[in-house]
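All remarks here apply to the structure that follows.
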Amino acid sequence: MLFFKPKSHLGIDLGAGGVKVIELKLEKKRPMLYTYGLTSQMQDVHHLFDVSAKNNTSLLSGDQKNKNTASLVDPEQVKKYANLLKAVCVRAKTIALSATVSLPVSVVFHAVINLPLLKKEELDRVLRAEVKKLLPRPIEEMVLDYQMIKNAPESKTQRVLINAVPKELVIFYTQVFKLAGIELESLEPESIALERSLVGRDKSVAMIIDIGAERTNFYIIDQGFAITHHSTEIGGARLNKILSSVLGVNDDLIEQIKYDYFGSLLKKTNQSQMTKEKFHNLFFTIIDPIIKEIEYSFEIYLRQTGNENKHPEKIILTGGGSSMPYLTDFISEKFNIKCYVGDPWGRLVYQEGLKPVLGKIGSRMSVAVGLALRKLV
């Protein structure tokens, strides 16, 4: 039985813009969408931890700070997220009992380390010594995961991709899912889930830009790994604020208005350059920083050993803010690279009648889809 893949698996993304749940089933060796659910309210899970803080106490109760790590997590926060997760799963009528869950980008320490060629028994000791120099917190307070990146056969060094998260975050997630009645199969950085849902088996160098509610994350994917990653505090919330101010409407209505407004622009043909310029003038505080961050990502990537002659072949947008009209045009024209909004449903089987609604929410579900695919592909 250990050689058989599970028939049904959950992918759960606890993002700043809400909870996103995807359940996939394996049908005739292909992943099929079984059900999904999502919320739209902002949540503070991304603010509960900070890998740069030496003594992070944002989840700690005042009388618990001198106890062991497991007792430091605030039970009220655990209960809050467990109840929210259960409510989404009940409404979506999920049946799977295990899930792969996203790690918030803001709490994941990410680095690529170059090491000399080492024997397996020496690698762990040397790697921990090198990582210890880089971590913003003591290594004893972090959970480490690493993957070897394939180098050229003649290379005299080896590259190692490091991801590290605070131990209290792992404990927090474990307690949330235990209370929600779901087995926490594994925790995974959002970059890996996005690569799985939007890039797949394509080994060419690509950039993924995830425009979330509070921040935009930039990843360069090479050989299936997120080689570079950084983020900026620009997201869909700022976009909503600009629209709300310009249109004079309440925040409660802005998501539907944004969908209708952006959709009408995207459907127009023979759009004039002036229309495009007006759009840029309205949203330049979002568009221009994204362009600059892309340039910065390319610079970081090309500086790394072995990447001098490489260049991303495509840029894939995802996240709630990726539907912004003209954004793909602005990026393509600036960098002379193909740019498009990714389709997380492209590797799934689903009912044809769901296509309109899935198209509407697709960019928000990319991480959850990638998480759910982990055990099925």
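Each value in this text was obtained by applying a stated rule to the coordinates, not by laboratory testing. Remember, it's a predicted structure, so these values are computed and weren't measured experimentally. FYI the Cβ positions are ideal-geometry reconstructions off the backbone, even for glycines, and counts take in every protein chain you see.
Can you give me the C-alpha center-to-center distance between region 82-145 and region 275-323, rounded to a whole angstrom?
Cα centroid of region 82-145 versus Cα centroid of region 275-323: 26 Å apart.
Please list, in chain and number order, the residues 5+ apart from H230 or on another chain whose amide H is under 5 Å from its amide H, with Hs placed from the backbone.
Those lying under 5 Å, H to H, from H230 are F218.
Please go through the residue pairs K25/K80; K203/K338; K25/K178; K292/K334 and name each one whose alpha carbons sit more than 18 Å apart in this structure. If you can, show how the numbers build up before the last one.
Values: K25/K80 29 Å; K203/K338 16 Å; K25/K178 23 Å; K292/K334 10 Å.
As for pairs spanning more than 18 Å Cα to Cα, those are K25/K80; K25/K178.
Taking neighbour Cβ counts within 10 Å as the exposure measure, how do L194, L84, L144 sort from fewest upward? Intermediate values should be presented prior to the final figure.
Values: L194 28, L84 19, L144 16.
Listed from fewest to most nearby Cβ atoms, that is L144, L84, L194.
Compute the Cα gyration tensor for region 129-214, then decide on rounded, prolate or oblate, letting a ≥ b ≥ c be the square roots of its eigenvalues: rounded whenever a/c is under 1.5, prolate when a/b is larger than b/c in the other cases, and oblate in all that remain. Mind dumping the intermediate values first?
On the way: a/c = 2.13, a/b = 1.27, b/c = 1.67.
Because a/c hits 1.5 or more and a/b fails to exceed b/c, region 129-214 counts as oblate.
For D222, D343, D145, what ranking results if the residue with the fewest other Cβ atoms within 10 Å of its Cβ goes first?
On the way: D222 22, D343 18, D145 14.
Neighbour counts put them in this order, fewest first: D145, D343, D222.
Please rank E190, E140, E154, E122, fewest neighbouring Cβ atoms within 10 Å first, as an exposure proxy. All intermediate terms of the calculation are to be shown ahead of the outcome.
On the way: E190 25, E140 8, E154 5, E122 12.
The fewest-first ordering by Cβ neighbours comes to E154, E140, E122, E190.
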